[in-house]
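For reference, the structure discussed in these notes is given below.
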Amino acid sequence: MHHIALDAPDDFEGWRDVARRLVLADVHPADVTWQVGDAPGDLFASDALPVIEARGAVFTVPRAFVDLAQSAILHRDNERFALLYALLCRVRARPGTMEDKADPLLRRVEALAKTVRRDIHKMRAFVRFREVAEEGGARFVAWFEPDHHIVRANAGFFARRFTTMCWSILTPDVSIHWDGEIVREGPGATRADAPGDDPVEALWKGYYAAIFNPARLKTGAMLSEMPRKYWRNLPEAALIPDLIAGAQQREAAMIATAPLAEKPTGRQGNAETVWAALRGDAMGCTRCALHENATQTVFGEGPLNAPLLFIGEQPGDQEDLAGRPFVGPAGQLFDAALAEAGVDRRQAYVTNAVKHFKFEQRGKRRIHQTPQAGEVQACRWWLAQELDIIRPRIVVALGATAARAMLGKAVAIGKTRGAAIPLDNGAEGWVTVHPSYLLRLPDETRQAEERARFVAELHMVEERLAALV
Ligand code: URA
């Protein structure tokens, strides 16, 4: 029997080193026990390990295994080290194991990894810093209670995201601190160690109230994405009950005055469940590298029976923080243009070709970068499923990236705009410019002309929709 003691609950390197040696020595998973540190009752500690003589021998595993193991090992499940070792032995014996989606062991480990990725996302989305004065400036301190051992794994994200601030994140197991150069670790803390209200909160609350659109509220999705346990740390959570109450009244008025064309009943309930599951999966998306630096996945939103679906390019700085599409400057222009064109945004589902914000950090600013074809292609996986659920009559691509995502190939906006394009799913596709393009035009006259053309094209879409539904 081999009793292995790892240094820390997230000690992937330690686990990998030992697991490699055990596999090469053909040690059966049933002959290994795993623990973290010197737990009581550990009579043998790890001194059985040196009998394994295989150090340095070569053993390669698929990249997919390494990625999966790095996430799954962060789970709190005490079985995780043993499960991963059993999976490693299986992968070595049967190289196709990682593609065998029916393999129960693989499925169990994938479920652990998925839960961990979701927890990582929650931490990125729900950490809220409070300003504390300290010698030589300010420090921003946050309290967070993760479900799993994700804090160290997430430290790089916060260091990149808040490079220019000095910050500390306190959690029950460990605290991490950034002073602009390195991440330092400290012991766990309690909520009482973290500060309460400060002026940053007032700003954040104002911002949240301003971007909260009652017509797009989905209480169920909101509660599943922002579970109540996080509310205590979120300044904006204090606003939620009032905002929801107001939203319900305003939505009732909206339904009374402008009923949507109903699609067959029965599908709607099912669509809600399928959409919520899809959105949940997208929150942990790692299909391309953009998730590494973005705050969160920004999924589409709107009625699931919407006859009209808009595709933007990707979330911008504000959308990345708010977790909702088109709430920043481009979104405001978009809303105004829709209103002028007579299109009710509340009847449209609005999404993006790419669901993570791609940017370059320059000082404090995050500068938008256009997504590459590979990133658009990776994200079409989500878009295709959104289209399947919503089944809109008309799909409008805003700009070249959206057009590429809609049509599966690059097209010139100038040549494709203003006319219907039949899509494979039976809907009608339309291409127009992206609102950000209008915002970037330096010449005012030109901007006014292009804006008018954009509004005219949206109006054509509205007329076409009226003819179709
Ligand atoms: N631009 C986009 O394409 N989408 C958004 O959500 C915001 C800005």
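Readers should treat all values here as calculations from the given coordinates under stated rules, not as data from a laboratory. Everything numeric in this text was worked out from a predicted model, so none of it was measured. Quick reminder, even Gly has a Cβ in these numbers, built from the backbone with ideal geometry, and neighbours come from all protein chains shown.
Listing for the model above:
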| item | result |
| --- | --- |
| Paramagnetic reach from Ala466 in region 326-358 [backbone N under 13 Å; point 7 Å along Cα→Cβ] | 341-344 |
| Projected label distance in nm at Glu292 and Thr164, using a 7 Å step from Cα toward the beta-carbon | 2.3 nm |
| Projected-area mean, region 369-428, by convex hull of Cα positions, square nanometres | 4.2 nm² |
| Proximal charge balance of Glu375 [Cβ under 14 Å; K/R count +1, D/E count -1] | +3 |
| Net charge of neighbours whose Cβ lies under 15 Å from the Cβ of Gly136, counting Lys and Arg as +1 and Asp and Glu as -1 | -4 |
| Net length gained if the chain between Ala336 and His3 were fully extended (0.36 nm per residue, minus Cα distance) | 113.3 nm |
| Separation of the Asp173 and Val274 label points, Cα + 7 Å toward Cβ, nm | 3.7 nm |
| Qualifying trypsin sites (Lys or Arg not before Pro) for region 356-402 [loop in DSSP, other Cβ within 10 Å: at most 16] | Lys364 |
| Cβ-based exposure ranking for Trp15, Trp430, Trp231, in which fewest neighbours within 10 Å come first | Trp231, Trp15, Trp430 |
| Extended-chain gain in nm, criterion 0.36 nm per residue less alpha-carbon gap, Gln447 and Ala420 | 7.3 nm |
